[in-house]
There are 4 protein chains.
Amino acid sequence: MSHSGRPTLAIAFHSGYGHTAVIAEAVARGAAEAGAEVISISVDTITDEQWAQLDAADAIIFGAPTYMGTASAAFHTFAQASTKRWYPQAWADKLAAGFTNSGAKNGDKSSTLGYFATMAAQHGMHWISLGLQPGWASTTGSEDDINRLGFFMGAGAQSPTDAGPEAVHKSDIATAEHLGARVARQAAIFRAGRTALAA
Amino acid sequence: MSHSGRPTLAIAFHSGYGHTAVIAEAVARGAAEAGAEVISISVDTITDEQWAQLDAADAIIFGAPTYMGTASAAFHTFAQASTKRWYPQAWADKLAAGFTNSGAKNGDKSSTLGYFATMAAQHGMHWISLGLQPGWASTTGSEDDINRLGFFMGAGAQSPTDAGPEAVHKSDIATAEHLGARVARQAAIFRAGRTALAA
Amino acid sequence: MSHSGRPTLAIAFHSGYGHTAVIAEAVARGAAEAGAEVISISVDTITDEQWAQLDAADAIIFGAPTYMGTASAAFHTFAQASTKRWYPQAWADKLAAGFTNSGAKNGDKSSTLGYFATMAAQHGMHWISLGLQPGWASTTGSEDDINRLGFFMGAGAQSPTDAGPEAVHKSDIATAEHLGARVARQAAIFRAGRTALAA
Amino acid sequence: MSHSGRPTLAIAFHSGYGHTAVIAEAVARGAAEAGAEVISISVDTITDEQWAQLDAADAIIFGAPTYMGTASAAFHTFAQASTKRWYPQAWADKLAAGFTNSGAKNGDKSSTLGYFATMAAQHGMHWISLGLQPGWASTTGSEDDINRLGFFMGAGAQSPTDAGPEAVHKSDIATAEHLGARVARQAAIFRAGRTALAA
């Protein structure tokens, strides 16, 4: 695939205490290794130029910590501002995916991932699932298995509430790398398909 | 029931353009008519005194417009701030309920109501459903039926995006009044029960 | 509280391979210890007499394994049959709660608990949340903490897919006992309140 | 695009009283007009040959009526049986979408569509949203607008509970045709992209 065919993948995330930023970096790393051009945007300080980068991206991966059963308020402020893109359906047919971190194993992270998918559907985007079987579901599994927490809609991470970003679990980092790589590959396929059908 | 037994019902809501405020007023009216002491709080300007009123209430009804598949960002800012109440589970065993308004008949209002219920569960609250069969589900139904939109988790309203608060539908207002009255009645029961068992 | 004031709590559950039955037994034990009269009903073999027991109960706790992102099909068959109770809203104002088991830590158990709450809302029931902070969320937590998986809407259990019912985790059993006790207490309050207000 | 490049789209649905079957036919019509080879499968009588057709399809669109807040039990029986495909992730990277019908305007149809998306994510599929702005959201809108009910995750239809399949609303039929065409187009893109990248 020529450089011109390289898909662009934007990560639009908010991190409260740095744990989600570590996951965002892992998603970026996975996507870059799979050949995507990656742009990481902290949505609480998003600029007009960065909004334009989202508009131009092949895929947007949303990320935020889960607080009180949903994404952080800073993420919701960004999502509400995306209404300007919603009216003209500017993000239609882009790929979307998501990741989240919280202190508890479950902690209603599924609600955050489901919300990301709902918002993406409002934008007319296509949702790319995690694409991994759950780790640690049998007696022979271990907490080091990829997707140790067993999410499907996106990547879920769990970090102790009393430890810093260095405590993000290596399995959760590997899971996030997988998500980035997966979305990059699917974005390459969609991009190549559009080019082929337009030819 | 003596005045001292009157339940206190707080409405914690955000309204973007005034439609949700009309629904909040209807919830308040229904609750007051059913005998509750009602406190209405705009969460985007909530004061310390109002936080204390929430802490003292028997029931809290959450309300917000649905934007991009969830409650407005202003509501989420309030909800995130409620984390201070979450740590000590200060709202445990209170009753909770919810209402929302959006431009579309559906418009992912269910996601907002489900989110309210999820947040309430994080607080250890008991969720009071709408308690109405759906209106307008048969050939003999009409748009003036109560619960014309057929929600169950809470009260859903639909207002045209190009009309002001005066355009809120009278069925949706009646549905909201019902919700307020229902929660007031259930709060009276829980309050009387606690008193009886403590006696 | 006199025997006549004792609340009746029904557990309506399906177990595929026995793990969910162990959780159901824990819920029953917790509820009985908290003073409720408990009825356990396997919904895949429910009789007319058992339907009548559900109709007479103060609270119904729903339980099923999570398969493919929702309750087992056997549970759904029961839930669909409950439509006969939905038309006359025969279960309105009863308390409801839920529990589920799956092989993965997360495994979309939240979807099953959310579905139980949605079905309960259709029946006009009041949803009782788990009422526990998440265990194991800090560096000093351990897998033996109650609510180790960090659910809020109900009780979530995780059992290895290659082990029998004896492998159900003791933390998940303790969490289920807590749920049963909690619903029993709330049912006692609600029942006493109705009696007091009717007096 | 040569015949060999034509995407295959399977519709896996259950219809209780014929309304959902009308929607399924509309989805099929839209997909066929957009160039897909379409296979319609009633999941309550699915054969081994039809399971093989699902395995071979580029996209699967799931459909069921919404009963008691989720898909019909017959659909859930099919979904549970798909566990055999889940273990080897046999449906990974296929496209998925969904539609549902109920008697009420809302009626928790969002829960059914959300469940379809959750199940699809468990299979590692990519979820294609409806891709339509909501109709009937302004004072100048009408019930004849496409997507009159304003769903985003998939196509939602509302049919009176006391009328037969001939009463399915023409807006809901148009919305379903749109969904079929949209999934067919995205499946063609995805298929062409895979071919291009493999070349």
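Computed over the protein assembly as shown, the P(r) tail beyond 36 angstrom holds 39 percent of alpha carbon pairs.
Each copy carries a label point for B:T195 at 7 Å from Cα along the beta-carbon vector; from one copy to the others these points are 1.6, 7.5, 7.6 nm apart, nearest first. Computed over the stretch D:1-115, the percent of Cα pairs more than 24 Å apart is 24.
Between the stretch A:142-199 and the stretch C:1-77, what is the C-alpha centre distance in whole Å? Between the Cα centres of the stretch A:142-199 and the stretch C:1-77 lies a distance of 38 Å. With the helix formula -39500 (n - 2.57) applied to DSSP H stretches of n ≥ 4, chain B reaches a computed 222 nm mean residue ellipticity of -13000 deg cm²/dmol. Where both bridge residues fall in the stretch A:3-198, DSSP classifies roughly 10% of the beta bridges as antiparallel.
With viscosity 1.306 mPa s and temperature 10 °C, the Kirkwood radius over alpha carbon pairs of the stretch A:67-124 converts through Stokes-Einstein to a diffusion coefficient of 131 µm²/s. Against chain B, whose longest principal axis is taken from its Cα atoms, helix B:170-198 shows a tilt of about 20°. Using a cut-off of 30 Å between Cα atoms, the listed pairs B:K109/B:K170; C:K109/D:K109; B:K170/D:K109; A:K94/B:K109; A:K170/C:K109; A:K84/B:K109 include none that exceed that distance. Residue and distance for the chain A Cβ closest to the axis that moves A onto B, in whole Å, come to A:H76, 2.
Axis angle, to the nearest 10 degrees, between helix A:19-33 and the longest C-alpha principal axis of chain A: 50 degrees.
Could you calculate, for chain B, the ratio of the Cα radius of gyration to the Kirkwood radius, expressed as Rg to Rh?
Working: Rg = 16.1 Å, Rh = 16.7 Å.
Computed over Cα atoms, the ratio is 0.97.
Shape call for the stretch C:102-173 from the C-alpha gyration tensor, a ≥ b ≥ c root eigenvalues: rounded (a/c under 1.5), prolate (a/b greater than b/c) or oblate? Oblate shape, in that a/c is at least 1.5 and b/c is the bigger or equal ratio. Annotation for D:G18, label-to-label distances across the other copies: 4.8, 4.8, 6.6 nm (shortest first, one decimal, point 7 Å from Cα along Cα→Cβ).
What angle, in degrees between 0 and 90 and rounded to the nearest 10, separates the Cα long axis of helix A:109-122 from the longest principal axis of the Cα atoms of chain A? The angle comes out at about 10 degrees. Each copy carries a label point for A:A56 at 7 Å from Cα along the beta-carbon vector; from one copy to the others these points are 4.4, 5.7, 7.2 nm apart, nearest first.
Please identify which residues in the stretch D:142-177 have an amide N closer than 16 Å to a label point set 7 Å out from the Cα of B:T139, following the Cα→Cβ vector. Within reach of a label on B:T139, which here means backbone N under 16 Å from a point 7 Å along Cα→Cβ, the stretch D:142-177 contributes D:159-170. Rg over Rh for the stretch C:20-88 works out to 0.97, using Cα positions for both radii and the Kirkwood form for Rh.
Read-outs throughout are calculated quantities, based only on the coordinates presented, and are distinct from any laboratory measurement. No experiment lies behind these values; they were computed from the predicted model shown. Glycine gets a Cβ as well: all are built from the backbone with ideal geometry, and neighbour counts include every protein chain shown.
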